[in-house]
Each structure stands twice: as structure tokens, then as C-alpha cells.
Amino acid sequence: MRLRTPFIAAFTVGLTALIISYLLSLRFPAEPTDYLWYDSLQQLGELGRAKYRQSHRYGEYAQRAEHDSLHHLATLFRAMAYADNVQCNNCRKAIESLGGRFHAPVLLPSERQHTHEHLRAALNEKYEIHNGPTAPCIRRAIDEGNRYVARLITWCDASDIKQILIIEREIDNIGHHASLTPSHGYRVCPTCGAISDEGLQSCFCPHCMTDSNRFVVFR
């Protein structure tokens with residue numbers, strides 16, 4: 001009995017220490033530094049956070065457009081918000097599949113401006129990503145042999161390019177006082193976030209081959 005008591009006490013202390021260490025590791029996870037795809041994970045995290053911010057910001061822009069009675073632009077912003085949310089989730093899933101962890105950024109309220117100013121702000125954001133880190137990220141992922149990451153970033157870039165063209169068309173319509181209300185809405189691929197005019201029908205997504213019957217329509 002005398003031998004058992006110290007053993008039980010030592011076992012209890014050791015078990016308690018292990019439990020405390022485990023709980024602390026959950027609360028304060030160590031930042032990994034030895035990932036096989038470390039650079040790709042950093043790039044995906046940066047892109048995912050940008051898409052996260054844009055998705056929420058465009059949702060706010062849509063509400064402002066409705067307030068300004070610009071319902072067609074509200075439709076566009078809702079479609080853009082959904083597309084960026086799809087791409088954010090793709091980045092998150094890729095990060096987790098490669099052994100990382102996605103950290104969502106802190107969101108700040110958007111500055112309340114007129115919808116036309118929000119449209120130009122969105123255009124500048126899209127150009128900053130397209131002309132900034134996108135191409136180097138794709139090249140680095142290809143050089144690393146990580147075509148999975150390269151494909152996801154390429155999907156994001158393709159959607160951003162299409163959004164740029166749509167936004168520029170709307171801004172041009174504003175400048176020429178043309179009719180701003182389109183006769184159709186927008187279709188967004190739920191797999192890669194590709195966006196297109198609803199009137200341009202296709203059987204499959206040209207980027208990820210998703211059946212067009214699954215596309216989300218915004219009118």
C-alpha cells in the first residue's frame with residue numbers, strides 16, 4: 001500500500017501536466033515553420049483573407065446600392081460577394097488539406113459612400129490583386145510542383161478579370177448616361193467562383209467543368 005500511494009500520486013501529477021499542456025496547445029497553437037508547401041500556404045492565406053474581406057465588403061455595397069435604388073448594381077455586388085466567398089472557402093480547404101490553418105481577418109465597417117464610388121473602389125481592389133501578387137503566386141506554385149494551389153489561384157484570377165470587365169462596363173455606362181439596368185442577371189459557379197452574364201449560357205464552367213445547372217443565379 002505504501003508503494004502504491006507514491007505511484008498513484010506521480011501518475012496523477014503527470015496526467016494533470018499532460019492535460020494542461022494539451023489545453024494550452026489548443027489555446028495557443030504553435031505556428032508551423034516546416035511545412036513542405038510553406039510558401040504556398042502563406043500565399044493561400046493572404047489570398048483567402050483578401051477574398052474574405054471583399055466578400056463581406058461587397059455584401060455591404062449591395063445594401064448601399066439597394067438604398068440608392070440601384071438594384072442592378074446591388075445584384076452585381078451580391079454576385080461578386082458570393083464568388084469571392086466561394087474562392088475564400090477554396091483557399092481555406094486547400095490550406096487545411098496541406099496541413100495549415102486559415103485565420104480569418106478582423107473586419108472593419110466599410111466607409112459609407114455612394115454606390116458609384118463603391119463601384120470604383122471595387123475596381124481598384126480587383127486590379128491591385130490581379131496586377132500584384134497573383135501572377136508571382138501562380139508561378140511559384142508551379143515551380144514548387146503544386147498544381148493544386150496554382151489551379152485555385154488561377155480560378156480566382158479568372159473570376160477577378162471577369163469582374164473587372166463587368167465593373168468597367170458599368171462605370172462606362174455611368175459616364176455615358178446609358179441605361180444601367182441589364183435585361184438579365186449574373187451566374188456564378190459554386191465550385192470555382194467564375195462569374196458571367198446570365199444571358200451567356202454554357203453547358204459547363206470553362207474553368208472547372210462544373211455543370212451549369214448548378215450555377216447560382218443573381219437577378
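Over all directions, the average projected area of the alpha-carbon convex hull for the range 55-175 comes to how many nm²?
The number I arrive at for the range 55-175 is 7.7 nm².
Can you sort Ile195, Ile142 by 1.4 Å-probe accessible area, starting with the largest?
Output order, biggest surface exposure first: Ile142, Ile195.
Please work out the FRET efficiency for the pair Phe204 and Tyr127, using the Cβ-Cβ distance as r and a Förster radius of 30 Å; give the result to the nearest 0.05.
Calculated value: 0.55.
Carbon-plus-sulfur fraction of the accessible area of the range 145-219, 1.4 Å probe, in percent?
Heavy-atom surface of the range 145-219 belonging to carbon and sulfur, 1.4 Å probe: 55 percent.
For the range 105-219, what Kirkwood radius comes out of the mean inverse Cα-Cα distance, in Å?
16.0 Å is the Kirkwood radius here.
Considering only protein heavy atoms, with the full assembly of protein chains and a 1.4 angstrom probe, order Val217, Val106, Val188 by accessible area, largest first.
Val106, Val217, Val188
What percentage of the solvent-accessible surface of the range 59-142, computed with a 1.4 Å probe over protein heavy atoms, is contributed by carbon and sulfur atoms?
Accessible surface attributable to carbon and sulfur in the range 59-142 totals 50 percent.
His56: accessible area at probe 1.4 Å, nearest 10 Å²?
Here the accessible area works out near 80 Å².
Cβ under 13 Å from His176's Cβ, His176 left aside: what net charge do those residues give with Lys, Arg +1 and Asp, Glu -1?
Charge balance near His176 sits at -2.
Taking the solvent-accessible surface of protein heavy atoms with a 1.4 Å probe, what is the per residue accessible area of the range 99-210 in Å²?
Value returned for the range 99-210: 54 Å² of accessible area per residue.
Give me the accessible area of Leu123, 1.4 Å probe, in Å² rounded to the nearest 10.
20 Å²
The values are calculated or read from the model by the stated rules, or taken from the named source; none is laboratory data. Because the structure is predicted, anything quoted here is derived from the model rather than measured. No Cβ is skipped: glycine too gets one built from the backbone with ideal geometry, and neighbour counts run over all protein chains shown. To get the accessible areas, we keep the full protein, side chains included, count just its heavy atoms, and leave off ligands, DNA and RNA. Shrake-Rupley method; radii C 1.70, N 1.55, O 1.52, S 1.80 Å.
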